[in-house]
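Colleague: Mind having a look at this structure? Questions to follow.
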Amino acid sequence: MFLFLSFATFAQALLSSRAEISVITCGPYQEELYSAFGHSAIRVYDPESSIDLAYNYGVFHFDSKFYLNFTRGHLLYKLGVQPYPQFRDYYIAQNRYVHQQTLDLTLEQKQKVLDYLSRNSRPEFATYRYDYFYNNCATKVRDVFVELFADRVSFDGSYVTTSYTIRDLTGIYLDRQPWGELGIDICLGLPMDKTLTPFEYMFLPDYVESGFDHATIDGNPIVKEKTSVFTARQQLSYTDLFHPWIAFGGFFVATALLSLYDWNRGKLSKWFDVFLFSLVGWVGFVLLLLWIATDHHAAAKNFNLLWAFPIHTIAAVLLFKGRSHFLLVRYFFAIGMMSVATLLFWPFLPQHLNIFLYPLLIALGLRAFIISKLLIRKNMARVETSR
């Protein structure tokens with residue numbers, strides 16, 4: 001969810017009676033996709049031992065292995081340690097709120113938390129296998145306390161009154177990043193449409209904060225004090241002229257006008273169809289690879305393959321070569337019918353279709369029908385000529 005360099009591995013220390021363990025929640029930042037969901041960390045503060053550290057599970061490094069691992073779905077993150085003031089000021093500089101929940105723990109419990117974090121920040125233990133929704137920098141903060149205190153810690157989820165899916169929640173946080181939301185909705189499949197339990201809501205930092213607000217340890221509230229370290233300044237709303245509605249709406253209008261032009265003259269603008277169906281076919285090929293050839297579990301069972309057929313690339317090649325075989329006619333007619341069926345029945349399918357795609361699907365169906373009809377007309381003209 002954010003980029004930081006690990007500060008160092010600190011030697012284990014004994015905490016004093018003045019020590020504090022806190023959960024830190026930082027607000028979203030809409031300039032980057034990975035920061036749009038906010039961030040969580042754990043602060044260890046002990047003025048008598050001169051300790052003030054932020055333990056943060058959101059560290060990753062950009063290098064050649066990062067891109068390879070990302071492509072394969074082997075995302076490796078690590079637990080980083082840095083001075084808390086440096087950590088805090090980074091978020092304040094980006095105008096992101098910073099909230100602190102000081103936990104009501106005994107000295108023994110605080111020491112267990114520090115010992116756990118100190119050990120897991122060592123190079124041989126710091127790296128972990130990242131998962132977008134089930135093992136990220138927010139869930140790791142929650143799980144520190146679950147692993148250390150087991151049934152002694154209880155998260156009361158009764159405050160959650162919604163029945164959101166993963167896709168619903170990510171869409172809320174990407175309201176100002178429609179292209180990011182669209183990309184996620186295309187690339188990630190049916191697992192995104194799982195209805196979450198209140199405990200699973202805590203893949204988001206805001207819900208980690210709310211979860212601790214409603215958590216107990218040994219039957220007592222776990223949060224002793226909550227502080228707003230920094231309140232973000234209100235930002236002016238803005239309108240992105242390059243919005244998916246504008247882009248795809250404009251594409252549909254252009255496609256409709258071109259289709260009318262082609263129909264009236266009785267000839268295809270073949271360059272357009274070859275480009276369109278080749279591009280959509282390659283999108284489908286990538287989606288299929290994400291599903292069957294990587295460990296991106298959230299990309300499995302992707303219903304976007306109903307419109308992004310990998311076979312489109314083959315059909316585009318045949319169309320480019322000027323083939324008007326009856327099989328090609330039937331293929332594009334079937335694609336037109338599939339586009340109509342997808343638009344009509346998608347509300348009843350288990351996976352949500354991003355609404356920004358509707359103009360694209362209509363355009364694909366329209367061009368598919370135009371191709372099939374004009375190819376039929378072309379074949380009939382050839383038959384008449386041969387007579």
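The values are calculated or read from the model by the stated rules, or taken from the named source; none is laboratory data. As the structure is a prediction and not an experimental result, all values here were calculated from the model. Here the Cβ is made from the backbone with ideal geometry for all residues, glycine too, and neighbour counts use every protein chain on show. Keep in mind that these areas ignore ligands, DNA and RNA; they rest on the heavy atoms of the full protein, side chains included. Shrake-Rupley method; radii C 1.70, N 1.55, O 1.52, S 1.80 Å.
Colleague: Computed on alpha carbon atoms, what radius of gyration and Dmax characterise the range 106-162, expressed in Å?
Modeller: Cα radius of gyration and Dmax of the range 106-162 are 13.6, 41 Å respectively.
Colleague: List the trypsin sites (Lys or Arg not before Pro) within the range 263-340 that fall in a DSSP loop (any state other than H, G, I, E or B) and whose Cβ has at most 11 other Cβ atoms within 10 Å.
Modeller: Lys321
Colleague: In this model, which of Lys78/Lys301; Lys194/Lys226; Lys110/Lys226 are farther than 22 Å apart at the alpha-carbon?
Modeller: Lys78/Lys301; Lys194/Lys226
Colleague: What's log10 of I(q)/I(0) for the range 92-189 at q = 0.13 Å⁻¹, Debye sum over Cα points only, no solvent?
Modeller: So the normalised log intensities are -0.74.
Colleague: Rolling a 1.4 angstrom probe over the protein heavy atoms, how many square angstrom per residue are accessible across the range 83-191? Write down the numbers at each step before the final one.
Modeller: On the way: 4640 Å² over 109 residues.
Result: 43 Å² of accessible area for each residue.
Colleague: Taking the convex hull of the Cα atoms, report for the range 244-387 its projected area averaged over all directions, in nm². Let's see the in-between values first.
Modeller: Values: hull surface 37.5 nm².
Projected area, direction-averaged: 9.4 nm².
Colleague: Could you work out what % of the accessible surface of the chain is carbon and sulfur, using a 1.4 angstrom probe and leaving DNA, RNA and ligands out of the count?
Modeller: For the chain, the apolar C and S fraction of the accessible surface comes to 62 percent.
Colleague: What lysines sit close enough to Lys373 to cross-link, taking a C-alpha to C-alpha distance under 22 Å and skipping anything fewer than 8 places away on the same chain?
Modeller: Lys267, Lys270, Lys321
Colleague: Let me ask another. Among Ser154, Ser22, Ser50, which one shows the biggest mean-square fluctuation in a GNM of the chain, springs joining Cα atoms closer than 10 Å?
Modeller: Comparing Ser154, Ser22, Ser50 in a Gaussian network model of the chain, the most mobile one is Ser50.
Colleague: Could you tell me the relative contact order of the chain? Use alpha-carbon pairs under 8 Å, at least six residues apart, and round to a whole percent.
Modeller: RCO, the chain: 17 percent.
Colleague: May I ask you to order 306-313, 289-296 by the average number of other C-beta atoms within 10 Å around their residues, highest value first?
Modeller: Peptide ranking by packing, descending: 306-313, 289-296.
Colleague: I need the peptides 358-368, 75-85 ranked by packing, meaning the mean over residues of other C-beta atoms within 10 angstrom, with the highest value on top.
Modeller: 358-368, 75-85
Colleague: Calculate, in whole percent, how much of the Cα-Cα pair population of the range 326-379 lies beyond 19 Å.
Modeller: Distances greater than 19 Å cover 33 percent of the Cα pairs.
Colleague: Related question: Would you mind estimating how fast the range 184-224 diffuses translationally, via Stokes-Einstein at 37 °C and 0.692 mPa s with the Kirkwood radius over Cα pairs, in µm²/s? Before the final figure, lay out the partial values.
Modeller: Values: Rh = 12.1 Å.
The estimated diffusion coefficient comes to 271 µm²/s.
Colleague: Please report the equivalent ellipsoid semi-axes of the range 212-282, computed as sqrt(5 x eigenvalue) of the Cα gyration tensor, largest first, in whole Å.
Modeller: Three semi-axes, in Å: 57, 19, 9.
Colleague: Measure off 7 Å from each Cα along the Cα-to-Cβ vector at Ala300 and Phe125, then give the distance between these two points in nanometres to one decimal.
Modeller: Taking the simple label geometry, Ala300 and Phe125 are separated by 3.1 nm.
Colleague: Right, next: Give the residue list of chymotrypsin sites (Phe, Trp or Tyr not before Pro) in the range 171-264 that are DSSP loop and have at most 16 other beta-carbon atoms within 10 angstrom.
Modeller: Phe199, Tyr238, Phe242
Colleague: For Cα pairs less than 8 Å apart in space and 6+ apart in sequence, what is the mean separation divided by the residue count of the range 130-206, i.e. the relative contact order in percent? Write down the numbers at each step before the final one.
Modeller: Details: 46 pairs, mean separation 36.8, N = 77.
With pairs under 8 Å counted, the relative contact order is 48 percent.
Colleague: Hey, what's the Cα Rg ratio for the range 119-239 versus the globular rule of thumb, 2.2 N^0.38 Å?
Modeller: Rg over 2.2 N^0.38 Å, computed on Cα atoms: 1.23.
Colleague: Per 0.36 nm of contour for each residue apart, how much would the distance between Ile292 and Asp151 grow if the chain were fully extended, relative to their Cα-Cα spacing?
Modeller: Numbers: separation 141, 0.36 × 141 = 50.76 nm, distance 3.79 nm.
Contour length minus Cα-Cα distance gives 47.0 nm.
Colleague: At 1.4 Å probe size, put Val317, Val141 in order of accessible surface, largest to smallest.
Modeller: Val317, Val141
Colleague: Which three numbers, in whole Å and largest first, are the semi-axes of the equivalent ellipsoid of the chain derived from its Cα gyration tensor as √(5λ)?
Modeller: In descending order, the three semi-axes are 54, 19, 18 Å.
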